[in-house]
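Novice: To start, I am sharing the structure in question, which I have written as structure tokens.
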Amino acid sequence: MHLEGSIRPAIASALAARHGVELEEEEVRRRYEYTNFAGFLDAFKWVTSFVREPKDFALIAADLAEQLLEQKVAYAEGDAFGGRDVSSAAAAGSEFCRDPESHGAICKARVAAELDF
């Protein structure tokens, strides 16, 4: 699954608010209604414009972990950052997890989700 593609309307609104944009969940739902691939790309580009900092990725990852837990999913692989495999990159000892500025938030969310599971 694609991390940025899992952003639910409530999370999109929270991300927008973090960056000074007032955004109602209904607006997000409206933008998520598309009929073709170009519409999907427009919606994806728009919603990811609110993902700017590591803490934004952490919020998305934590929300996705909650969704998976609610669905009783025991294992999932995902990607972010233009297709980089987060599940393998976030493995213990990985350079991916040692860079707190760019990827550490994802690793922290993964660890928190594992503890909750």
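Just so you know, all these numbers are worked out from the coordinates, no wet-lab data involved. Predicted model only: the values in this text are computed from it and were never measured. Ideal geometry is used to build each Cβ from the backbone, glycine not excepted, and the neighbour counts take in all protein chains shown.
Novice: Can you sort 32, 75 so the residue with the fewest Cβ neighbours within 10 Å comes first?
Specialist: If I rank by nearby Cβ atoms, fewest first, I get 75, 32.
Novice: Which cross-chain or sequence-distant (5 or more) residues have an amide H under 5 Å from the amide H of residue 2, H modelled 1.01 Å from N in plane?
Specialist: Those lying under 5 Å, H to H, from residue 2 are 79.
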